[in-house]
1. Pairs 40/176; 15/75; 15/207; 83/199; 99/187: which are spaced more than 31 Å apart, C-alpha to C-alpha?
2. Quick one: Karplus J couplings for segment 192-209, per residue in order, coefficients 6.51, -1.76, 1.60, θ = phi - 60°, nearest Hz, x for Gly and Pro?
3. Which distance in nm do the two modelled labels at residue 153 and residue 204 give, with both placed 7 Å along the Cα-to-Cβ direction?
4. So, by mean Cβ neighbours within 10 angstrom, what's the order for 111-117, 23-29, 33-39, 208-214 with the highest one leading?
5. Output the 0 to 90 degree angle, nearest 10, between the alpha-carbon long axis of helix 63-76 and the longest principal axis computed from the alpha carbons of the chain.
6. Show log10 I(q)/I(0) for segment 163-210 at q = 0.15, 0.18, 0.29, 0.32 Å⁻¹, two decimals, from a solvent-free Debye sum over equal Cα scatterers.
7. Extension gain residue 33-residue 113, at 0.36 nm per residue separation less the Cα-Cα distance, in nm?
8. Taking the chain as the reference, fit the longest principal axis to its C-alpha atoms, fit the long axis of helix 10-19 to the helix C-alpha atoms, and give the angle between the two in degrees, 0 to 90, nearest 10.
Amino acid sequence: MRFFIDTANVDEIRKAAKMGFICGVTTNPSLIAKEGRDFKEVIKEITQIVDGPISGEVISPDAAGMIAEAHDIVKIHKNMVVKVPMTAAGLEAVHELSKEGIKTNVTLVFSATQALLAARSGATYVSPFLGRLDDISTDGIALIEDIVQIFDIAGIETQIIAASIRHPMHILECAKAGADIATVPFKVLMQMIDNPLTKSGLERFQKDWDNAFHNS
Ligand code: E4P
C-alpha cells in the first residue's frame, strides 16, 4: 500500500514530502476552503512539491460543468487527477474524461457497488470513505475488503484509495485488506511515526552515552 497525503496545506505537504513516504496528494473542496486560498494557486504550489498524482475536485452538479472544470484542472499540471463525485452526472463525466485520457478519482464512495460502477465507467481511482462509515456505526474496513475482493475477481485495474482515514489502526487494516493507496491526514502520518518505546529507547541510549563519555 502506498501513501498519499490528504490535505491542501502546503506546509504539511512539504514536511511529509521531505520524509519521502508520500507519492501523491488528495484535496477536496472543504480542505481547499480551510486554507482560504485560491484553488488554482494552491494546487499549482502542491504540484511543485510532490511529483505524483494530485487530486483536485470539481464542484459543478452536472456532467457538462464537471467536464469543463476538469479541462481547466488538467491544464494546471500533467500530474492532475480530476476528482468527481459518485453521482449519475459524475459517472457520465468520468466516462467522457476517460475517453479523453484524463485520469479521474471517484470520491464519496460508500458502497462496493458504487465502486464497481465507477470502475466500469472508467475511473482511474475510487475513494471509499471508511472513517465516515465508522462514524455512523458501519464497518468501513469491510467496505475496503469487499472492493478489493470484487476488483480482484473481475480483474479491474482501477486503484483503491482508502480515504477518510482517522487513525493508524485504519492504516493497518487497509494495508491488510489490500488497498492500493491510503490517503492520510498529516496528523495521522505523524501518529504513525511515534511510539513510546522508540521515545524511551532513544532517551536511554542518549543517557547511557552521556554517562559513559561526558561525565569524566
Ligand atoms: C478523500 O479524498 C477525502 O479528501 C477525505 O479523505 C475525506 O475525509 P474526512 O471524512 O476526514 O473529511
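Computed from the coordinates by the stated procedures, all read-outs in this text should not be read as laboratory data. If you're wondering where the values come from, they're calculated on a predicted model, not measured in any experiment. Counting neighbours? That spans all protein chains shown, and the Cβs are built from the backbone with ideal geometry, glycine included.
1. Details: 40/176 36 Å; 15/75 26 Å; 15/207 29 Å; 83/199 39 Å; 99/187 37 Å.
With Cα atoms farther than 31 Å apart: 40/176; 83/199; 99/187.
2. With the stated coefficients, segment 192-209 comes to 5, 6, 6, 8, x, 6, 5, 5, 5, x, 5, 4, 5, 4, 5, 5, 4, 4 Hz.
3. 4.9 nm
4. Peptide ranking by packing, descending: 23-29, 111-117, 33-39, 208-214.
5. 50 degrees
6. -0.52, -0.62, -1.03, -1.13
7. Working: separation 80, 0.36 × 80 = 28.80 nm, distance 3.03 nm.
Taking residue 33 through residue 113 to full extension adds about 25.8 nm, to one decimal.
8. So the helix axis and the longest Cα principal axis differ by about 60 degrees.
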